[in-house]
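Peer 1: Below: one structure in structure tokens.
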Amino acid sequence: MIWNESIECMDRDSLQRIQSIRLKKMVDYVYHNTPFYRKKMQEAGITPDDINDINDIVKLPFTTKHDLRDNYPFGLCAVPMSQIVRIHASSGTTGKPTVVGYTRKDLASWTECLSRAFTAFGAERTDVFQISYGYGLFTGGLGAHAGAENIGASVIPMSSGNTEKQITLMHDFGATMLCCTPSYALYLADAIKDSGLSREEFKLKAGAFGAEPWSEHMRQEIQKKMGIKAFDIYGLSEIAGPGVGYECECQKGTHLNEDHYFPEIIDPKTLQPVPPGETGELVFTHLTKEGMPLIRYRTRDLTALHYEQCSCGRTLVRMDRILGRSDDMLIIRGVNVFPTQIESVILEMTEFEPHYLLLVGRENNTDTMELQVEVKSEFYSDEINKMLSLKKKLTARLQSVLGLGVDVKLVEPRSLERSIGKAKRVIDNRKL
Ligand code: DLL
């Protein structure tokens with residue numbers, strides 16, 4: 001099913017024409033309403049007249065998270081507060097949160113994008129959505145809530161945490177769609193197993209999982225444990241929230257809502273565009289936002305874009321799974337490592353649970369990396385030899401995939417801390 005066929009399946013020439021008209025209007029809008037952008041454009045020696053179509057976007061300066069922090073809280077808003085109807089913020093790990101303001105129209109277009117996503121996941125008005133993303137400054141809860149209501153579904157506004165109650169209500173209210181982080185979905189799957197209720201007593205059929213990087217193997221694991229179809233939903237608060245991109249039934253990439261949020265991929269070092277299909281940093285430009293429009297916002301997310309039409313009929317560009325954020329990339333003894341690569345190796349092997357923790361440190365001026373990983377109960381054993389050979393197998397596989405020696409520590413099932421929101425997979429003691 002497709003929510004808005006005229007846009008989602010529009011031929012690319014028409015889409016480009018719309019993008020060109022919108023970009024031109026947007027640049028004029030920020031030039032006259034956001035002093036920050038007027039100054040940036042003046043410094044770069046350009047005026048709105050230099051932007052005639054979407055290809056001119058490369059002339060425009062980038063925006064970074066630092067710019068948002070420097071203009072905390074509302075310095076980048078293009079409208080007076082009287083027009084802002086919602087404020088969200090993302091906490092980040094250091095410093096002040098990044099704040100985003102939405103007008104009524106901004107909320108409507110974000111909700112439209114979420115409705116496209118949920119429809120692509122097979123949801124309709126007869127569905128019951130359990131929203132287990134956090135409600136609050138985080139965009140997950142309220143965003144998904146509005147999208148599900150908009151398609152006419154029934155919404156259970158659970159928010160995150162209180163796992164026992166989540167399971168009771170999921171069961172009693174007959175939830176058919178689950179929205180939460182992939183790591184929390186796994187937590188819920190284990191908790192359902194412990195509850196003594198059988199999977200057949202639940203009506204759950206699909207989940208909208210996102211807000212953190214997750215591998216294809218993790219998808220298989222969730223689908224197997226929960227007996228549902230797991231879809232990827234992507235987004236970031238600075239651009240809107242969940243629903244900037246969504247998978248369709250083909251699950252061959254994440255369609256981006258590029259009529260509202262224009263994507264580019266750049267080389268993070270040279271800042272030059274890279275050809276379609278090549279991995280680089282994802283950059284977004286708002287084409288319709290009123291409250292706090294951003295021009296060429298550097299997301300730090302690493303991925304690639306594909307423009308060939310999808311077999312679902314949608315023409316909207318498809319994005320590969322997010323490899324990670326450039327700030328999540330660990331450099332261990334000179335080797336670049338993403339936690340998602342380690343996750344893939346662990347889950348390729350049947351003996352391990354998808355729960356792991358990476359501890360990075362430095363000894364005698366050399367980086368160290370310890371991987372704690374849970375062994376499935378059926379493989380966990382008191383026999384030292386069995387555990388040693390399992391450890392050897394994983395160490396060898398990590399060495400061949402990463403080109404790096406990792407100190408593997410096998411731990412008991414259910415011994416690592418579970419998360420109810422975005423999982424914390426890495427503790428880098430070098431930064432403490
Ligand atoms: O995480 C919005 C969201 C909520 C998306 C619920 C999906 C579902 P932030 O807290 O601002 O917003 O974090 C945004 O999370 O730049 C990515 O690094 C990461 N991220 C979000 N979705 C995905 C995904 C929300 N599907 C940051 N896959 C983004 C990988 C994701 N990473």
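Peer 1: Test each condition in (1) surrounded by fewer than 17 Cβ atoms within 10 Å (Cβ to Cβ); (2) closer than 21 Å to residue 254 by Cβ for residue 144 and report the one that comes out false.
Peer 2: With respect to (1) surrounded by fewer than 17 Cβ atoms within 10 Å (Cβ to Cβ); (2) closer than 21 Å to residue 254 by Cβ, residue 144 is out only on (1).
Peer 1: Would you mind stating whether residue 415 is within 16 Å of the ligand (Cβ to nearest atom) and either outside any helix (DSSP H, G or I) or modelled with pLDDT of 95 or more (or both)?
Peer 2: Answer is no for this residue.
Peer 1: Restricting attention to region 371-378, does a residue exist that is more than 16 Å from the ligand (Cβ to nearest atom) and touching a His at 6+ places or on another chain (Cβ under 7 Å)?
Peer 2: Yes, there is a match, as at least one residue in region 371-378 is more than 16 Å from the ligand (Cβ to nearest atom) and touching a His at 6+ places or on another chain (Cβ under 7 Å).
Peer 1: Under the condition of being within 15 Å of the ligand (Cβ to nearest atom) and over 14 Å from the mean Cα position of the chain (by Cα), which residue from region 231-251 is nearest to residue 312 (Cα to Cα)?
Peer 2: Among those that are within 15 Å of the ligand (Cβ to nearest atom) and over 14 Å from the mean Cα position of the chain (by Cα), it is 248.
Peer 1: Failed condition for residue 221, given (1) free of Cβ contacts under 8 Å to residues at least 40 places away in the same chain; (2) over 29 Å from residue 287 (Cβ atoms), with all others met?
Peer 2: (1)
Peer 1: Could you tell me whether residue 134 is among the small types (Gly, Ala, Ser), closer than 17 Å to residue 180 by Cβ, open to solvent by 10 Å² or more (accessible area, probe 1.4 Å) and assigned to a loop (DSSP other than H, G, I, E, B)?
Peer 2: yes
For (1) touching a residue at least 12 places away in the same chain (Cβ under 8 Å); (2) buried (at least 16 other Cβ atoms within 10 Å of the Cβ); (3) part of a loop (DSSP other than H, G, I, E, B), each residue gets a yes or a no:
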{"site": "3", "(1), (2), (3)": "yes, yes, yes"}
{"site": "20", "(1), (2), (3)": "yes, yes, no"}
{"site": "30", "(1), (2), (3)": "yes, yes, no"}
{"site": "37", "(1), (2), (3)": "yes, yes, no"}
{"site": "49", "(1), (2), (3)": "no, no, no"}
{"site": "58", "(1), (2), (3)": "yes, no, no"}
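Peer 1: Taking the conditions exactly as written (touching a residue at least 24 places away in the same chain (Cβ under 8 Å), more than 20 Å from residue 249 (Cα to Cα), β-branched (Val, Ile, Thr) and within 16 Å of the ligand (Cβ to nearest atom)), does residue 131 satisfy them or not?
Peer 2: Spelling it out, residue 131 is indeed touching a residue at least 24 places away in the same chain (Cβ under 8 Å), more than 20 Å from residue 249 (Cα to Cα), β-branched (Val, Ile, Thr) and within 16 Å of the ligand (Cβ to nearest atom).
Peer 1: Could you say whether any residue in region 180-193 is among the acidic types (Asp, Glu) and open to solvent by 20 Å² or more (accessible area, probe 1.4 Å)?
Peer 2: No, there is no match, as no residue in region 180-193 is among the acidic types (Asp, Glu) and open to solvent by 20 Å² or more (accessible area, probe 1.4 Å).
Peer 1: Which count do you get for residues in region 345-388 that are open to solvent by less than 30 Å² (accessible area, probe 1.4 Å), more than 15 Å from residue 409 (Cβ to Cβ) and out of contact with any Leu (no Cβ under 8 Å at 6 or more places or on another chain)?
Peer 2: 4
Peer 1: Additional query: Within region 314-345, take every residue that is of a type in the set (Lys, Arg) and over 15 Å from the mean Cα position of the chain (by Cα) and give me the one that is nearest to the ligand (Cβ to nearest atom).
Peer 2: 314
Peer 1: Identify the residue in region 103-119 that is away from the ligand (no atom under 14 Å from the Cβ) and among the hydrophobic types (A, V, I, L, M, F, W, C) and, among all such residues, is least open to solvent (accessible area, probe 1.4 Å).
Peer 2: 107
Peer 1: Sticking with this one: Would you check if there is a residue in region 288-300 being open to solvent by 30 Å² or more (accessible area, probe 1.4 Å) and farther than 29 Å from residue 41 by Cα?
Peer 2: No, region 288-300 contains no residue that is open to solvent by 30 Å² or more (accessible area, probe 1.4 Å) and farther than 29 Å from residue 41 by Cα.
Peer 1: Return a yes/no flag: does region 392-410 have any residue that is acidic (Asp, Glu) and either buried (at least 16 other Cβ atoms within 10 Å of the Cβ) or at pLDDT below 95 (or both).
Peer 2: No, region 392-410 contains no residue that is acidic (Asp, Glu) and either buried (at least 16 other Cβ atoms within 10 Å of the Cβ) or at pLDDT below 95 (or both).
Peer 1: Would it be correct to say that residue 284 is at pLDDT below 95 and either open to solvent by less than 30 Å² (accessible area, probe 1.4 Å) or touching a Cys at 6+ places or on another chain (Cβ under 6 Å) (or both)?
Peer 2: no
Peer 1: Any residue in region 210-225 that is among the hydrophobic types (A, V, I, L, M, F, W, C), within 16 Å of the ligand (Cβ to nearest atom), buried (at least 23 other Cβ atoms within 10 Å of the Cβ) and more than 23 Å from residue 345 (Cα to Cα)?
Peer 2: No, every residue in region 210-225 fails to be among the hydrophobic types (A, V, I, L, M, F, W, C), within 16 Å of the ligand (Cβ to nearest atom), buried (at least 23 other Cβ atoms within 10 Å of the Cβ) and more than 23 Å from residue 345 (Cα to Cα).
Peer 1: On to the next question. Which condition from (1) under 18 Å from residue 324 (Cα atoms); (2) out of contact with any Lys or Arg (no Cβ under 9 Å at 6 or more places or on another chain); (3) of a type in the set (A, V, I, L, M, F, W, C) is the one that residue 266 breaks?
Peer 2: The single condition residue 266 does not satisfy is (2).
The values are calculated or read from the model by the stated rules, or taken from the named source; none is laboratory data. Quick caveat: nothing in here was measured; it's all calculated off a predicted structure. For neighbour counting, all protein chains shown are included, and Cβ atoms are generated from backbone atoms with ideal geometry for every residue, glycine included. Side chains included, ligands, DNA and RNA excluded: accessible areas come from the protein's heavy atoms. Shrake-Rupley method; radii C 1.70, N 1.55, O 1.52, S 1.80 Å.
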